[in-house]
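Every number in this text was worked out from the coordinates using simple rules, so none of it is lab data. Remember, it's a predicted structure, so these values are computed and weren't measured experimentally. Note that each Cβ is placed from the backbone with ideal geometry, even for glycine, and that neighbours are counted across all protein chains shown.
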Amino acid sequence: MAEFPEKELMNSGHNACPGCGAAHAMRYMLKALGKNTTVNIPACCWAVIPGVYPSRNLEVPLLYTAFETTGASSSGIRAALKKRDDVDDAEVEVVGFAGDGGTADIGIQALSGAIERNTDTIQVMYDNEAYMNTGIQRSGVTPEGAWTTTTPVGSKGDWKKQPKKEMMEIVESHNVPYAATVNIAYPDSFVEKFKKAKEFSGPRFMHIYAPCPTGWRARPSDAVELGRLAHKSRFFPLFEIEHGKYNIYKEPKEDEVIPVKEYLKIQGRFRHLPEEMVEKIQKRVDTKWEQLKKKERFTQEELYE
Amino acid sequence: MIEVRFHGRGGQGSVVASELLARAAFEEGKDVQAFPMFGVERRGAPVTAFTRIDEKTVRDHSKIHEPDIVIILDTALLDAVDVTEGLKEDGDVIINTGKDPSEMKIDIEKDADVYTVDASDIAIEHGLGSEMAPIVNTAILGAVCKATGMVDIDTLSDVILKHAPAKNEANAKAAEQAHDEIKGPYPGKKLEGREGQLSSQQTDIPKSEDLLCRDPEDHTDLPRTPIADCDSEYLNKTGSWRTVRPIVNKDKCINCGICWKFCPDVAIFVEEEGAVVDFDFCKGCGICAEECPVDAIEMDKEEKYV
């Protein structure tokens, strides 16, 4: 396993809530990518976390962009770096760091365009499963059954009805050289996968699972535990796609797997769910897992041998 | 006119408290204003809210600079914020703490008074919020009624029953209990109402030149962009957000560095003698205590260390 880098490129004194998973995400990402990185951030929690001028907590160049333009901005930054004589653009990693809304809903056109144009960039979706910065509104990536302020729970059970949008599948269908899911509860493999992404050139996509204790109505101290439970229950599987080949990593052993219920029950946003709904979620998680296993087998053995 | 300033944290209900107080005064026929002031900070960050009450129409719409009453929902703020800034000479300070008013080290003029009430305990007793983050806003309002006499406790109870966002009855009971349990005043004027003050002249509105810095020398040099330096470690001491703090048991600590790895605020480091917390920045999320493999870290109430 790769050595865990000590150098901090994200500093203290930021405005994230106590126990913020997105803060973990940025910290580990910069540790892996190093100081030759530019970050562009659209409207999202991270637009606020670095601080109000003149305070900021990132040791790397930082560009704020409009909500829907992360992908396009990355393309622009890459093009500008290529033009400059004083910078060796091959040495610089261009990162678009957007939340789930800014990636999967509002920013999906720009993301798709940037990937299709083969921009040399890492597009990051730190997934806290709702528009947390503006006050916990549902996004396309909010999981089924969750309470948010725009899917309030009343007597009729008006929680979110639609399942979580599968961003990895959407990105995979663009034929990216590398895409991976990572989880802040496993910093070592998080850093390892980002270092691996750095080895590739062209568009790369990283889906970070970043628990949000504030929006998920959980205790701040449980932020890391939430990530761990999501992984052990297979709610958020860890896998990478390398030129179309799926590879599940850190797969929980059969005896380690826990029911999804264990993950749901420590979060206030799922507190209202009736038993049959929990079973439905469990069933969907099981199906998704089966699909993933089959994709892994198919792409590794049948398709390529 | 009576001007009230609330000091709390995001999530404690300071804004709702300022509104409930204004509503109660309105029910008694007064003219009122209630408004909050906050930046982009998150749950746990210091928040200020204001209430204005007068017999006649309130025409001053500016921020309150010289409050008659300051209400502090969290003693941890005493270190972080200048809570008595601009407080009138004969003002009142009402603090949520289990301590006696005489024990509070607060910088006030000689005619000002300090009151205390353990609103956190009362809130927990009535099931308002959690042990770590009790919602104390309604309880402290009960104490405010008693200390200042500007609103009747029965009116306040009614308003809480009608307008509190949740758990209305528990909130009203908490207010009544705090009304009975308030300690003070210290140094010791007798409890006297503020009714007489309601029709007094409005305070001068500060002129804009007092508030703006027009002199170029006041400004710092702009940094070059793209931004490559950072100053957050000097400018944004987030330690003031904390309501609980991690205490490291150095005998148990095995220097494994897991707490450092999982700290979202980069506020805990492993030295030779064990883990050391940077209290300037620790927000007290408790992840280190949760993740420590040998249970060497415990979370303790911040109030004890202020």
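List every residue whose amide H lies under 5 Å from the amide H of A:THR37, counting only residues 5 or more places away in sequence or on a different chain, with H placed 1.01 Å from N in the peptide plane.
A:GLU93
Loop only per DSSP, at most 16 neighbouring Cβ atoms within 10 Å: give me the chymotrypsin sites (Phe, Trp or Tyr not before Pro) in segment A:266-305, ordered by residue number. Don't skip to the answer; put the middle values down first.
Working: sites: A:PHE270, A:TRP289, A:PHE298, A:TYR304; in loops: A:TYR304.
Answer by residue number: A:TYR304.
Mind listing the phi-derived Karplus ³J(HN,Hα) values for segment B:6-11, rounded to whole Hz, using 6.51, -1.76 and 1.60 with θ = phi - 60°, and x for any glycine or proline?
9, 10, x, 10, x, x
Once you've got the GNM for chain A with C-alpha springs shorter than 10 Å, pick whichever of A:ALA130, A:ALA79, A:ALA218 has the biggest mean-square fluctuation.
A:ALA79
Residues with amide H under 5 Å of B:VAL114's amide H, sequence separation 5 or more or different chain, H placed in the peptide plane at 1.01 Å from N; which?
Answer set, sorted by chain and number: B:VAL93, B:TYR186, B:GLY188.
Taking 7 Å along the Cα-to-C-beta vector as the label spot, tell me the B:MET37-A:GLU301 distance in nanometres, rounded to one decimal.
With each label placed 7 Å out from Cα toward Cβ, I get 6.8 nm.
Tell me which DSSP H helices of chain A clear both cut-offs, 15 Å or more of axial length from alpha-carbon atoms and a mean Kyte-Doolittle hydropathy of at least -1.0. Walk me through the intermediate numbers first.
Working: long enough: A:21-33 (18 Å, 0.41); A:70-83 (20 Å, -0.18); A:187-199 (18 Å, -1.30); A:275-297 (33 Å, -1.89).
Helices passing the filter in chain A: A:21-33, A:70-83.
Give me the dipole magnitude in Debye, nearest 20, for the protein assembly as shown about the Cα centre, with unit charges on the beta carbon: positive for Lys and Arg, negative for Asp and Glu. The partial results should precede the final answer.
Working: 75 positive and 104 negative charges, 444 e Å.
Dipole of the protein assembly as shown, to the nearest 20 debye: 2140 debye.
To check you understand DSSP bridge types, tell me what percent of the beta bridges within the protein assembly as shown (both residues inside) are antiparallel, rounded to 5. Please list the in-between numbers first.
On the way: 37 of 74 bridges.
Roughly 50 percent of the beta bridges in the protein assembly as shown run antiparallel, per DSSP.
Pulled fully out, how much extra length does the chain show between B:GLU27 and B:LYS105, if you take 0.36 nm times their separation in residues and subtract their Cα-Cα distance? Display every interim value, and only then the final one.
Details: separation 78, 0.36 × 78 = 28.08 nm, distance 3.58 nm.
The B:GLU27-B:LYS105 span can extend by a further 24.5 nm.
Using only the Cα atoms of segment B:24-142, what are the Rg and Dmax in Å?
Taking only Cα atoms of segment B:24-142, I get Rg and Dmax of 15.2, 42 Å.
A:HIS243 versus A:ASP89, label points 7 Å from Cα toward the beta carbon: distance in nm?
Here the answer is 2.4 nm between the modelled labels.
Which of A:GLU251, A:GLU275, A:GLU144 moves most in a GNM of chain A, Cα contacts under 10 Å?
Checking each option, the largest mean-square fluctuation is seen for A:GLU275.
May I ask which of A:LYS7/A:LYS250; A:LYS7/B:LYS261; B:LYS56/B:LYS162 have a Cα-Cα span longer than 19 Å here? Write out the running numbers ahead of the final one.
Working: A:LYS7/A:LYS250 25 Å; A:LYS7/B:LYS261 12 Å; B:LYS56/B:LYS162 25 Å.
Result: A:LYS7/A:LYS250; B:LYS56/B:LYS162 exceed 19 Å.
Nearest 0.05, what FRET efficiency do B:ILE254 and B:ASP79 give at R0 = 22 Å with Cβ-Cβ as r?
Details: r = 32 Å, r/R0 = 1.45.
Calculated transfer efficiency: 0.10.
Show that you can apply the helix-only estimate: for chain A, add -39,500 (n - 2.57) for every DSSP H stretch of four or more residues, divide by all residues, and state [θ] at 222 nm to the nearest 500. Don't skip to the end; give the middle numbers.
Working: 9 runs with 97 residues, N = 305.
Calculated at 222 nm, the ellipticity per residue is -9500 deg cm²/dmol.
Sorted from largest down, give the three principal axis spans of the alpha carbons of segment A:26-128, whole angstrom values.
Projected onto the principal axes, the Cα atoms of segment A:26-128 cover 36, 33, 24 Å.
Which links in B:LYS146/B:LYS301; A:LYS161/A:LYS293; A:LYS35/A:LYS196 stretch past 19 Å when you go from one Cα to the other?
Details: B:LYS146/B:LYS301 28 Å; A:LYS161/A:LYS293 26 Å; A:LYS35/A:LYS196 16 Å.
Cα-Cα > 19 Å for B:LYS146/B:LYS301; A:LYS161/A:LYS293; rest within.
Using +1 on the beta carbon of Lys and Arg, -1 on that of Asp and Glu, and nothing else charged, what's the dipole of segment B:2-209 about the Cα centre, debye to 20? Intermediate values should be presented prior to the final figure.
Working: 23 positive and 39 negative charges, 106 e Å.
With Lys and Arg at +1 and Asp and Glu at -1, about 500 debye.
As I understand it, the dipole of the protein assembly as shown uses +1 on the Cβ of Lys and Arg and -1 on the Cβ of Asp and Glu, about the Cα centre. Which of A:LEU226, A:ILE106, B:TYR305 lies farthest toward its positive end?
Farthest towards the positive end: A:ILE106.
If each Cα of segment B:2-209 is one equal point scatterer, what is log10 of I(q)/I(0) from the Debye formula at q = 0.13, 0.16, 0.17 Å⁻¹?
For segment B:2-209, the Cα-only Debye profile gives -0.64, -1.02, -1.17.
Using only the alpha-carbon atoms of segment B:236-305 as identical scatterers, what base-10 log of I(q)/I(0) does the Debye formula give at q = 0.19 Å⁻¹?
Reported log10 I(q)/I(0), two decimals: -0.65.
Only bridges whose two residues both fall in segment A:1-138 count here: according to DSSP, what percent of them are antiparallel, nearest 5?
Working: 2 of 14 bridges.
Antiparallel bridges: around 15 percent, rounded to the nearest 5.
Starting at the first residue of segment B:263-272, write each ³J(HN,Hα) from the Karplus equation 6.51 cos²θ - 1.76 cosθ + 1.60 with θ = phi - 60°, in whole Hz, x for Gly and Pro.
Couplings: 7, x, 10, 6, 10, 9, 10, 9, 9, 4 Hz.
Provide the FRET efficiency to the nearest 0.05 for the A:GLN291-A:GLU6 pair, computing r from the beta carbons and using R0 = 35 Å. Please list the in-between numbers first.
Details: r = 39 Å, r/R0 = 1.12.
Calculated transfer efficiency: 0.35.
Taking only the alpha-carbon atoms of chain A, what semi-axes of the equivalent ellipsoid follow from 5 times the gyration tensor eigenvalues under a square root, in whole Å, largest first? Intermediate results must be reported in sequence, preceding the final value.
On the way: eigenvalues 177, 109, 65 Å².
For chain A, the semi-axes come out at 30, 23, 18 Å.
Over segment B:236-305, what is the relative contact order in whole percent, taking alpha-carbon pairs under 8 Å and six or more residues apart? Display every interim value, and only then the final one.
Numbers: 133 pairs, mean separation 31.9, N = 70.
The value is 46 percent.
Starting from the alpha-carbon convex hull of the protein assembly as shown, give the projected area averaged over all orientations, in nm².
Details: hull surface 125.2 nm².
So the mean shadow area of the Cα hull is 31.3 nm².
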